[in-house]
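Every number in this text was worked out from the coordinates using simple rules, so none of it is lab data. Because the structure is predicted, anything quoted here is derived from the model rather than measured. With ideal geometry, Cβ positions are generated from the backbone for all residues, glycine too; neighbour counts draw on all protein chains shown.
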Amino acid sequence: MAKRVQSVKGTRDLLPPETAVWAAVEAVARRVFGIYGYGEIRTPVLEETELFVRGVGESTDIVGKEMYTFADKKGRSLTLRPENTAPVARAYVEHGMQNLVAPVKLFYIGPQFRYERPQKGRYRQFYQIGAEIIGESGPYSDAELLLMLVSFLRELHFTELVVLLNTVGDKESRFEYAGKLRAYLQPLQEHLSEDSRRRLVTNPLRILDTKDPKEKELLLDAPRLVDCLSDESRRHFEKLCDLLTRFGLRYRLETKLVRGLDYYSDTVFEIVSGNLGAQDAIVGGGRYDGLVASLGGPQRAAIGFAIGEDRLVDLLPDSFRGACLKAPLVAVASVDPVDTAEALSFAEELRRHGVDAIVEFASRSIKSVLDRASRVGCRFVVLIGEDELSSSTVTFKNLSSGEQVRLPRAAAIEHLKETA
Ligand code: HAM
C-alpha cells in the first residue's frame, strides 16, 4: 500500500457536520456586522513580508518567531498572513479608501497562519472573524465596536463572557511609562526569564502580560501605566468606560493587559474564557491610530478586533450548536423491483418544496434502509414499492414513533413540509 500523505502539523480538516456549525457562526457574523454598516473585505493570504515587519512590529513574537516566510521563485520575501489588520490597512491605502466617507467599516473571515507549538485551541492555520473601523478617533467608535462584538456573541448564545479592557495610552504616554518600567525592573533582572530580559530592552510593556507566577509577583509593585496617561488618552478612556456602563456592557479593567502586536495605542481589550486552558483568549483587539500612516497612508485613527473562530466554535453553547446540526429530514427508498429513479424523482419533488431529503441509491432490504436512515439522523423514511407506485401513494414511516402509514403523495409532501 502506498504511504499516506497526512495534513501538515498544526493544520486540520474541518468536516461535516462541524462545518455546518462554522457556516452558521459566519452567517451570524455577516448579518450582525451588516446591521452595523460593515462591508466584507477579502485580502490575499499572501503578503509581502515587509507589511508585517513594519505593521505588526519586528520585536513581536509574531514577526520574530511565528511567521511562515519564504522566498518565491523570483526571490521576493512573502509571508502567509499571521493576522489581518495590517493587510486591511494596506488595502485601505492601496485602494484610496481615505477618499470614501469616513469612517470605513470592514469585516473579514478567513485563515491566518502562525508557526506556534500546536496544542488545544492553538493551530498553525487558524481562522479569524474580524472587524476594523478606520477613520474615526473618538471613543464612540470604540464603544460601538464593542457593542457590536458583544451583540454578535449574544446571538451565538454566549452570556458569561466579560470584556477585559485597558488603555496603553498614546505614543508619548507609552514612552514615558516604558522608561519607568525599565527603571523598576532593571535591578530585578536576574529574576526575569530570558524572554523578559530581552523585552526589557526591546519592549518592556510586553513583560506585563507574562504568564510566569514569579514574574507576576515582581510586577505587583511596578509603576502603573494609568499613572502616565496624557490628558487626552485619559479622557478617551474615561469616556469609553462611561459609554460601556451606560449601555450595560460588562467589562473588567485589566491594568496589565497589553497586546502582543506593536500597532496598538489607547484602547486595548480581550475576551477570555476559563474553559479554554492555556490558550484562553477568544478575542483580541484595540485601537491602532498610527498603523495606516506607518504603511504610507494618511494619518487615520482606527480600531478593530479579531475573534479566534476555532476557539469560538469550540466554546459554543450547546443551544446554538444543536440548532446548526440538522440531519436530512427524510430518506426516500424504492423497494425492489421498483427502479431507484422513482425514489430519486420523489426526493426531487420534496426538495422543490424545500424539504431536505436523501435517496437510498442501492436496492436494500427495508430493515437496512430504516437502519441506515436512523444512523444519519433522518426522522422519516418514505418507501416506494410496486403498490405505492400504481396508487400514487407512499409508505411513510416515522422513525421515532415507529408509526407507519400509507399516504397519498401530496399528503406526504404536505406533512413533511410542515415538519421541515
Ligand atoms: P491576536 O490577539 O493576535 O490579535 O489574535 C486574535 C485572536 O485570534 C486570539 O484571541 C485567538 O482567539 C486567535 N488566535 C491567535 N493565534 C491563534 C492560534 N495559533 N490558533 C488559534 N487561534 C488563534 C490579532 O490578530 C489582531 N489583528 C486583532 C485586531 C484586529 N486588532 C485590531 N484589529
Review point. Summing Lys, Arg as +1 and Asp, Glu as -1, what charge do residues with Cβ under 11 Å from the Cβ of residue 19 carry, residue 19 excluded?
Key: -3
Review point. Which part of the stretch 12-34 falls in the paramagnetic zone of residue 327, meaning amide N under 19 Å from the point 7 Å along Cα-to-beta-carbon?
Key: 15-21
Point to revise | Rounded if a/c under 1.5, otherwise prolate or oblate - the stretch 327-419, Cα gyration tensor axes | key: rounded
**Study point:** Virtual paramagnetic centre 7 Å along Cα→Cβ of residue 247, amide N under 20 Å, in the stretch 22-38
**Key:** 28-38
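Taking the beta-carbon count within 10 Å as an exposure proxy, list 366, 109, 129 from fewest neighbours to most. Let's see the in-between values first.
Details: 366 15, 109 20, 129 24.
Arranged by neighbour count, lowest to highest, 366, 109, 129 become 366, 109, 129.
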Point to revise | Label-point separation, residue 42 to residue 341 (7 Å along Cα→Cβ), nm | key: 3.9
Study note, to complete from the structure: Length gained if residue 256 through residue 362 is fully extended, taking 0.36 nm per residue and subtracting the Cα-Cα distance, is 31.8 nm
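Label the stretch 219-300 by shape, choosing from rounded, prolate and oblate, from the square roots a ≥ b ≥ c of the eigenvalues of the Cα gyration tensor; if a/c is under 1.5 it is rounded, and otherwise prolate applies when a/b is larger than b/c, oblate when it is not.
Working: a/c = 1.42, a/b = 1.23, b/c = 1.16.
Judged from the Cα gyration tensor, the stretch 219-300 comes out rounded (a/c under 1.5).
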**Study point:** Ranked list, fewest to most other Cβ atoms within 10 Å of each Cβ, for 276, 383
**Key:** 276, 383
Review point. For the pair residue 100 and residue 115, how long in nm is the line joining their label points, each one 7 Å along Cα→Cβ?
Key: 3.4
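Which order do 164, 312 fall in if you start with the one that has the fewest other Cβ atoms within 10 Å?
Working: 164 18, 312 23.
Fewest to most other Cβ atoms nearby, the residues stand as 164, 312.
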Check your understanding: Taking +1 at the Cβ of each Lys and Arg and -1 at the Cβ of each Asp and Glu, which of 368, 6, 98 sits farthest along the dipole of the chain towards its positive end, judged by Cα position relative to the Cα centre?
Key -> 6
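If you restrict to DSSP beta bridges whose two residues both lie in the stretch 327-419, what percentage is antiparallel, to the nearest 5?
Values: 9 of 17 bridges.
Roughly 55 percent of the beta bridges in the stretch 327-419 run antiparallel, per DSSP.
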Check your understanding: What dipole magnitude, in Debye to the nearest 20, does the chain give about its Cα centre under +1 on Lys/Arg Cβ and -1 on Asp/Glu Cβ?
Key -> 740
**Study point:** Approximate spin-label separation residue 58-residue 319, in nm, with each point projected 7 Å along Cα-to-Cβ
**Key:** 5.2
Study note, to complete from the structure: With a Förster distance of 30 angstrom and the Cβ-Cβ distance between residue 172 and residue 69, calculated FRET efficiency to the nearest 0.05 equals 0.35
Check your understanding: Cα to Cα, under 17 Å, and not fewer than 8 places away if on the same chain: which lysines meet these conditions relative to residue 326?
Key -> 417
Check your understanding: Seen from all sides and averaged, what is the projected area of the convex hull of the Cα atoms in the stretch 113-168, in nm²?
Key -> 5.9
Revision key, fill the gap. Across 231, 72, 371, the residue with the highest GNM fluctuation in the chain (Cα network, 10 Å cutoff) is 371
Check your understanding: Given a Förster radius of 56 Å and the C-beta distance between residue 226 and residue 410 as r, what FRET efficiency does 1/(1 + (r/R0)^6) yield to the nearest 0.05?
Key -> 0.20
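Thinking of the chain as a set of Cα atoms, what percent of all their pairs are more than 30 Å apart?
Numbers: 47728 of 87990 pairs.
Of all Cα-Cα distances in the chain, 54 percent exceed 30 Å.
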Study note, to complete from the structure: For residue 294, placing the label point 7 angstrom along Cα-to-beta-carbon and taking the stretch 75-96, residues whose amide nitrogen sits under 20 Å are 78-95
Point to revise | At R0 = 41 Å, FRET efficiency that the Cβ-Cβ distance of residue 189 and residue 5 yields, to 0.05 | key: 0.25
